[in-house]
Structures are given as C-alpha cells and as structure tokens.
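Read-outs throughout are calculated quantities, based only on the coordinates presented, and are distinct from any laboratory measurement. Keep in mind it's a predicted model, so treat the numbers as computed, not measured. Neighbour counts are summed over all protein chains in view; Cβ atoms, including those assigned to glycine, are modelled from backbone coordinates with ideal geometry.
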Amino acid sequence: MQFYLPIAEMPVSVLMLLGLGAAVGFISGVFGIGGGFLMTPVLIVMGIPPAVAVATQGAPIVASSTTSVLAALRRRAIDLRLGLVLVGGGLVGSALGVWFFAALRRAGQLDLFITLAYVTLFTVVGGLMLVEVLRGLWARRGGRAAPVRLGRDHPPYMGWPLRMRFPRSRLYASVIPILGLALFVGFAGAVLGIGGGFIMVPALLYLLRVPTGVVVGTSQFQILWTTLVALVLHAVQNQAVDIVLAVILIAGGVFGAQFGARAGRNLRADTFRLLLAALVLAVDLRFILELTLRPAEPFSIVVAEGR
C-alpha cells in the first residue's frame with residue numbers, strides 16, 4: 001500500500017516504513033539508545049530528501065523521549081538541576097543548528113554536509129566502540145581486569161569558574177563545560193536529526209562523572225526539550241517536517257521497541273557493544289560508498305518552479 005508524503009513529495013510503501021520503524025525501534029530497545037542516528041541515514045538511503053529526513057526524525061525522538069522521561073520521573077532517576085542547565089545550553093544549540101541548517105539549504109550544500117557529517121561521526125564513534133570492545137575482550141582473555149576510574153578523580157575543567165552544586169549527581173562543577181556539551185548535542189541534533197543520547201550518555205559518564213543511576217533520565221530530559229524546540233523550528237522556518245512520515249515511523253518504532261527491550265535482556269554486555277559497533281560501521285560504509293562510487297547520472301537538470 002502506497003502513501004504520498006506531502007513534504008517529501010514522493011510515494012512510499014507504508015509497510016516498508018512501518019517495518020523500518022519497527023526494526024530501528026527493536027534496535028533501540030535492545031541497546032537502550034535512541035534510534036535517530038540510525039533512522040535518519042536509513043531514510044536518506046531510501047530516497048527521502050535529507051532535509052525532510054533530518055527534520056521529521058525529531059517527532060519519533062520526542063515521542064520516545066517523553067516515555068523515557070516519565071518513567072525516569074517515577075523512579076526519581078533525573079537530576080532536575082543538572083537537566084535544566086543542559087536544557088539551557090541545548091536550546092541555544094538547537095536554535096543555532098536550525099539556523100545553520102537553513103543557511104546550508106539555501107546555499108545548496110545541505111545534502112553534502114549531512115553525508116560528510118555522518119561519515120565522520122560514524123567513523124569516530126563506531127571505531128572507538130570497536131576498539132573498546134576488542135580491548136576488553138583481549139584483557140579478559142589475558143585474565144586482566146579493566147581499570148576502574150574513581151568518582152572523586154575529577155578532571156581540571158570541572159574546576160573552571162561559575163561552579164554550581166548538583167546534589168543529586170554529587171557534583172560541584174563549573175557550568176561552562178556542561179553548557180558547552182549541551183550546546184554541541186543540541187546543535188548536532190538539529191542539523192543531523194539525532195537525539196544525541198549516544199553522545200550525551202557517555203559524556204555524562206566519563207567526562208562529568210555523573211552517577212549511572214541518573215545519567216539516562218537526565219540525558220533524556222535534555223533531549224526531549226531540545227528536540228521539541230528543533231522540531232517546531234524546522235516546521236515553522238524550514239517547512240521540512242512531514243507529519244505523515246512522522247506518524248508512520250512513531251507507530252512502527254513503538255511496536256519494535258517492546259520486542260527489542262525483551263531481546264536485550266538475553267544479550268551479554270560485550271555482545272551488545274560489538275553488535276552496535278558493527279551496525280554503526282555498516283551504515284558508515286554505505287555513506288562512504290555513496291561518496292566514492294561514480295553515480296549512474298553524474299549530471300542532472302532541475303527545473304525551478306515558475307520558469
């Protein structure tokens with residue numbers, strides 16, 4: 001069954017999109033991460049215009065983040081003070097990202113920038129994850145334990161000016177690196193259509209030393225509000241949010257996430273990380289091939305409206 005996407009201006013198979021949403025939702029449920037960094041590039045590979053894929057992906061991210069935040073609030077697993085600081089920096093980053101997105105679109109360089117950004121991001125993140133997994137497996141094979149970082153050993157940037165106390169996270173740290181991190185994640189989310197959880201969660205854990213019990217909930221709290229603002233700005237300023245595509249992806253994602261969460265309980269932690277690294281690098285390879293292989297039609301002519 002075909003549906004016409006009014007903003008993307010193309011017909012698509014509803015069953016294919018539902019299956020795609022369910023597959024990404026399943027992966028998100030298995031690994032406990034947002035699926036935006038996978039869904040957006042897959043939509044682009046399917047032929048959805050990059051501008052529409054990036055802008056529309058904010059809707060499923062908002063839907064999944066809302067569920068996660070409500071669950072975390074019930075468990076008291078959110079540091080609201082830290083979350084509000086992250087939201088402040090993230091909102092600035094989202095606004096700058098939407099402005100940058102519109103500027104690239106007017107210049108005709110948006111598609112190339114998104115492809116290059118995903119290649120860079122996936123190569124770095126996937127490579128680091130794969131190295132970490134292989135290092136852990138090698139250490140375990142040799143009978144050595146991985147070094148443990150102590151929570152009191154904070155890096156120098158935590159002592160920069162404008163320090164603030166976060167009792168829930170047991171932190172007394174400068175807000176400058178916190179705001180910088182939030183601004184970057186908000187900017188990347190608005191430009192690339194990712195929630196940023198796979199960046200924010202490791203950063204909170206390893207850079208800011210936030211306790212594990214509040215990391216996911218606090219990260220989702222920030223992502224919810226920054227992505228919501230980016231979604232509204234994309235819809236108003238860029239007219240790039242396709243509501244039909246968004247509804248289909250949300251429906252499929254909710255269905256797949258339920259099964260993914262159950263399947264994830266049966267996987268070992270090292271298997272988790274190895275499969276996720278392989279998945280990220282596989283999508284990265286697809287983008288690299290798109291950049292390097294000669295297209296079937298090197299040149300094309302676009303007729304502008306009214307001419």
message: So for each of 4-16, 209-221 I average, over its residues, the number of other beta carbons within 10 Å; can you give me the resulting order with the highest mean first?
response: 209-221, 4-16
Whole-Hz ³J(HN,Hα) from phi, Karplus 6.51 cos²θ - 1.76 cosθ + 1.60, for the range 217-225, glycine and proline x: x, 5, 4, 5, 4, 5, 5, 4, 6
statement: FRET efficiency (residue 10, residue 74; Cβ distance; R0 51 Å; to 0.05) is 0.80
message: If I model a spin label at residue 247 and residue 128 as a point 7 Å from the Cα along the Cα→Cβ vector, what separation in nanometres do I get?
response: 3.9
- prompt: Sorted by average packing, counted as other Cβ atoms within 10 angstrom per residue and highest first, what order do 108-118, 74-84 take?
  reply: 74-84, 108-118
Mean Cβ neighbour count within 10 Å, used as a protection proxy, ranking 174-182, 36-44, 161-169 highest first: 36-44, 174-182, 161-169
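Rounded, prolate or oblate: which fits the range 1-134 when a ≥ b ≥ c are the square roots of the eigenvalues of the alpha-carbon gyration tensor, with rounded for a/c under 1.5 and prolate only if a/b beats b/c?
In terms of gyration-tensor shape, rounded.
Between residue 139 and residue 84, 0.36 nm times their residue separation minus their Cα-Cα distance comes to what?
Length gained, residue 139 through residue 84: 15.9 nm.
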field: Inter-label distance for residue 212 and residue 286, nm, one decimal - labels placed 7 Å from Cα along Cα-to-Cβ
entry: 3.2
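On full extension of the chain, what length is gained from residue 2 through residue 163, given 0.36 nm per residue of separation minus the C-alpha to C-alpha distance?
Result for the pair: 52.4 nm of gain on full extension.
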statement: Counting sequence-distant residues (5 or more places) and residues on other chains, those with an amide H built under 5 Å from that of residue 10 are 5
message: Test of understanding: what is the full-extension gain from residue 106 to residue 66, defined as 0.36 nm times their sequence separation minus their Cα-Cα distance?
response: 11.1 nm
query: Gap in Å between the Cα centre of the range 206-250 and the Cα centre of the range 86-126?
result: 14
